[in-house]
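Q: Before I ask anything, let me first share the structure, which is written out below as structure tokens.
The values are calculated or read from the model by the stated rules, or taken from the named source; none is laboratory data. These numbers were taken from a predicted model, which means no experiment stands behind them. Glycine also receives a Cβ, built like all others from the backbone with ideal geometry; neighbour counts cover every protein chain displayed. These area figures cover heavy atoms from the full protein model, side chains too; ligands, DNA and RNA do not enter into them. Shrake-Rupley method; radii C 1.70, N 1.55, O 1.52, S 1.80 Å.
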Amino acid sequence: MITIKNDAEISLMRESCRIAKETLDFVGKKIRAGMTTKEVDELVYRYITSCGATPSELGYEGYPASSCVSVNEVVVHGIPSDRVILDGDIVSVDIVAEKNGYHGDAARTFLIGEVSEEKKKLVKVTEECFFKAIEGLKAGVPLYDIGYAVQTHAESHGYGVVRALTGHGIGRFMHEDPAVPNYGRKGTGMRLRSGMTICIEPMINMGTYKVNMDQSGDGWTVVTADGKPAAHYENTVLITESGVEILTL
């Protein structure tokens, strides 16, 4: 069921989304080669809880950490561990903060040290995909215009657009309706309504769009099928009559 947020609910979401944004800013200043992905997760936990909020991912369906930290070929849902981050890696950090009963969700892919031009371009284009998706977005626009914009931009650079995972609605629950795919046919899907809050999150692979959902056997980690790098960029946005408000920027 799709929920339309009132002004009071949107105000609460702004707070949780602000915390999510600031957490990623904090991580971006601290993350470096030589750290483990578990140490990155500890930074996330420390910052979110210092704001009087809760990391929504911790314990979600048994998930054991406060964030998803995904390195290189890991698309999403990388479980923080003793894996050491190396110079030249790209690392996506996906977090959700909950405060006063509402959630804010965002992800960034960080460049670690001397990163190849190929990886830099992938990260740049993935972020561009998000901003292409929100161009002209407002109440009344068909939902799948979002995915069409992401897919068109990513594929114009020869990249694969992940189909096995999508963005989503968000509010009182971390995952709400509707699903927000990163691919689709322009002019199709339900019409967006003012007061909807959704997460738009391009997940873009350097090679094939195909992924292995649980190659590691941990029930979570998603990797590219060809072992090439992937990037992830996400914001929570509010749909309005005149456009969108990016709540996590």
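Q: List, in order, the whole-Hz ³J(HN,Hα) value for each residue of the stretch 74-82 obtained from phi through the Karplus relation with A = 6.51, B = -1.76, C = 1.60 and θ = phi - 60°; use x for Gly and Pro.
A: 7, 6, 8, 6, x, 7, x, 8, 8
Q: For THR188 and ALA164, calculate 0.36 nm times their separation in residues minus their Cα-Cα distance, and state this gained length in nm to one decimal.
A: The THR188-ALA164 span can extend by a further 6.7 nm.
Q: Just the ratio, please: alpha-carbon radius of gyration of the stretch 97-138 over 2.2 N^0.38 Å, N its number of residues. Spell out each step's value before the answer.
A: Details: Rg = 14.7 Å, N = 42, 2.2 N^0.38 = 9.1 Å.
Against the compact-globule rule of thumb, the ratio is 1.62.
Q: With viscosity set to 1.567 mPa s and temperature to 4 °C, compute the Stokes-Einstein D of the stretch 39-161, Rh being the Kirkwood radius across alpha carbon pairs; µm²/s, no decimals. Let's see the in-between values first.
A: Numbers: Rh = 16.2 Å.
Roughly 80 µm²/s, to the nearest whole number.
Q: While we're on this one: Taking only the alpha carbons of the stretch 128-199, what extent do you get along each of the three principal axes, in Å, biggest first?
A: If we take the Cα atoms of the stretch 128-199, the spans are 37, 23, 19 Å.
Q: In addition: Choose one answer from GLU73, GLU117, GLU127: the residue with the largest mean-square fluctuation in a GNM of the chain with alpha-carbon springs under 10 Å.
A: Maximum among the listed residues: GLU117.
Q: Quick check: Cα centre of the stretch 112-169 to Cα centre of the stretch 56-96, how many Å?
A: Here the answer is 20 Å between Cα centres.
Q: Something else now. Compactness ratio of the stretch 21-76: Cα Rg over 2.2 N^0.38 Å, N = residue count?
A: Against the compact-globule rule of thumb, the ratio is 1.12.
Q: Can you work out ³J(HN,Hα) from phi for every residue in the stretch 51-56, in order, using Karplus 6.51 cos²θ - 1.76 cosθ + 1.60 and θ = phi - 60°, giving whole Hz and x for Gly and Pro?
A: Ordered by residue, 3J(HN,Hα) equals 8, x, 10, 10, x, 5 Hz.
Q: Can you list residues whose amide H is under 5 Å from LYS210's amide H, if they're 5+ apart or on another chain and H is modeled 1.01 Å from N?
A: Amide H to amide H, under 5 Å and 5 or more residues apart or across chains, LYS210 pairs with ALA225.
Q: I would also like to ask the following. Only Lys, Arg, Asp and Glu count, each charged at its Cβ (+1, +1, -1, -1), so figure out the dipole size of the stretch 109-248 about its Cα centre, rounded to 20 debye.
A: 340
Q: How much accessible surface does LEU86 have with a 1.4 Å probe, in Å² rounded to 10?
A: 100
Q: Quick one: order ILE4, ILE204 from most to least accessible surface, probe 1.4 Å.
A: ILE4, ILE204
Q: Which value in Å does the Kirkwood hydrodynamic radius of the stretch 168-214 take, with 1/r averaged over all unlike C-alpha pairs and then inverted? Write out the running numbers ahead of the final one.
A: Numbers: mean 1/r = 0.0778 Å⁻¹.
Mean inverse Cα-Cα distance, inverted, gives 12.9 Å.
Q: Could you tell me which of rounded, prolate or oblate describes the stretch 100-169, using a ≥ b ≥ c as the square roots of the eigenvalues of the alpha-carbon gyration tensor, with rounded for a/c under 1.5 and, failing that, prolate when a/b is larger than b/c and oblate otherwise?
A: Oblate, since a/c reaches 1.5 and b/c is not below a/b.
Q: While we're here: What pairs from LYS119/LYS228; LYS38/LYS120; LYS124/LYS186; LYS138/LYS186; LYS121/LYS228; LYS21/LYS121 go past 18 Å between their alpha carbons?
A: Distance filter (> 18 Å) returns LYS38/LYS120; LYS124/LYS186; LYS21/LYS121.
Q: Could you list the square roots of 5 times each eigenvalue of the Cα gyration tensor of the chain, that is, the equivalent ellipsoid semi-axes, sorted largest first and rounded to whole Å?
A: Semi-axes from the Cα gyration tensor: 26, 23, 15 Å.
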